[in-house]
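Enquirer: My questions all concern the structure below.
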Amino acid sequence: MSVVRNEHERVVEAPAGAVGALLDRLSAPDDPLFPTPVWPAMTFDGPLAVGATGGHGPIRYRVAAYEPGRRIRFDFTAASGGFHELTVEPLGERRCRVRHVLETGARGLERLWWSAVIRPVHDAVVEELLDNVERAATGTCARPVRWTPRVQLFNRLSWDRPEAVDRPEGARLLRAAVDRPGYRDAYRMPLLPGQPRDPEAWTGVLRGFPTLARQDGEVLLDVQVTGLTARASILVDERYVTLSTAVRTDTARGRLYWSAVRLGHPFLARMMLRRTHRGLALAAPSAGERARRAVTV
């Protein structure tokens, strides 16, 4: 087995104590450093402390060492072993170095997979984390990382898919809009840090359809087609954004039309919700920007 080692560092014009305090908030609800919502958040089964287990996305690890304000080491739980570690080193009263080191084992095709896919994505995530250190500590980032086409493609392909659910109780406008629907469905995705909580911001899911009503975090859209009574609802609650549809066929022509359209409807509904979800995540302020705004409010 060969050893893979990867290192990143950034000199930040801020006191080590201030940057270390940001490091201590990793995985917290107000985490100012991990690059969410464009990448899956770092989460653990409890507060940041030795023994906490979790990870980000499919990458699993546990906190193996923690020196508040100075150093966190995470040991990978996969068979290949290894670790990744973040440290803050003072370089004077108002300057410090933030360093990330990853070391793990790789066999055969694993090394090829690391070079072709994992390393470019890992490099982007770590550099975005360091960008957030700069933004949160200084208010600016001199040279923010730019995604390569490979990283963009991986991010697009790995984005979460909507989950099919029952129509939520909170979709009251939709329930009242279509009497005795012959078809209904609902798909939801989790709200990510920085994504808008205003349902109006999500109406791009069904671009071009007029809004009929707004109430309690729900927007009702008119998707009327001749021979059909059809409405869509976008509901934003504390945890999810949910796209729901209700359709009633009113004429023979409407039944014929819907018999063909309904075959592709679930795929299109999921695709449009996923596309909008990712678009709003990419447009959201970074973790560092959110942290800086919270301080100035």
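The values are calculated or read from the model by the stated rules, or taken from the named source; none is laboratory data. These numbers were taken from a predicted model, which means no experiment stands behind them. Glycine also receives a Cβ, built like all others from the backbone with ideal geometry; neighbour counts cover every protein chain displayed.
Enquirer: Just checking, which of VAL4, VAL38 is surrounded by 13 or more Cβ atoms within 10 Å (Cβ to Cβ), at pLDDT below 95, farther than 15 Å from ALA136 by Cβ and touching a helix residue (DSSP H, G or I) at 6+ places or on another chain (Cβ under 6 Å)?
Expert: VAL4
Enquirer: Report, by residue number, each residue of the range 104-140 that is of a type in the set (Asp, Glu) and modelled with pLDDT of 95 or more.
Expert: ASP123, GLU127, GLU128, ASP131, GLU134
Enquirer: I would also like to ask the following. Restricting to the range 102-125, name every residue that is under 24 Å from the mean Cα position of the chain (by Cα), over 19 Å from ARG290 (Cβ atoms) and β-branched (Val, Ile, Thr).
Expert: Scanning the range 102-125 gives VAL117, ILE118, VAL121.
Okay, residues lined up against (1) at positive phi; (2) under 24 Å from the mean Cα position of the chain (by Cα); (3) assigned to a helix (DSSP H, G or I):
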{"residue": "PRO168", "(1), (2), (3)": "no, yes, no"}
{"residue": "LEU173", "(1), (2), (3)": "no, no, yes"}
{"residue": "ALA176", "(1), (2), (3)": "no, no, yes"}
{"residue": "ASP179", "(1), (2), (3)": "no, no, no"}
{"residue": "TYR187", "(1), (2), (3)": "no, yes, no"}
{"residue": "LEU192", "(1), (2), (3)": "no, yes, no"}
{"residue": "GLN195", "(1), (2), (3)": "no, yes, no"}
{"residue": "THR203", "(1), (2), (3)": "no, yes, yes"}
{"residue": "PHE209", "(1), (2), (3)": "no, no, no"}
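Enquirer: Among (1) hydrophobic (A, V, I, L, M, F, W, C); (2) under 27 Å from MET272 (Cβ atoms); (3) in a loop (DSSP other than H, G, I, E, B), which single condition is CYS141 missing?
Expert: (2)
Enquirer: Out of the range 244-295, which residues are farther than 27 Å from VAL126 by Cβ, over 14 Å from the mean Cα position of the chain (by Cα), among the β-branched types (Val, Ile, Thr) and assigned to a helix (DSSP H, G or I)?
Expert: Hit for the range 244-295 is VAL261, nothing else.
Enquirer: Give the residue, chosen from ALA260, ALA252, ALA287, ALA283, that is within 30 Å of PRO144 (Cα to Cα), loosely packed, with under 14 Cβ neighbours inside 10 Å and either without any contact (Cβ under 8 Å) to a residue 40 or more places away in the chain or not assigned by TED's automatic domain parsing to the domain that holds GLU169 (or both).
Expert: It is ALA283.
Enquirer: May I pose another question? Say whether the condition of being surrounded by 18 or more Cβ atoms within 10 Å (Cβ to Cβ), within 24 Å of ALA78 (Cα to Cα), in contact with a strand residue (DSSP E or B) (Cβ under 8 Å, 6 or more places away or on another chain) and of a type in the set (Val, Ile, Thr) is met by at least one residue in the range 149-168.
Expert: Within the range 149-168, none of the residues are surrounded by 18 or more Cβ atoms within 10 Å (Cβ to Cβ), within 24 Å of ALA78 (Cα to Cα), in contact with a strand residue (DSSP E or B) (Cβ under 8 Å, 6 or more places away or on another chain) and of a type in the set (Val, Ile, Thr).
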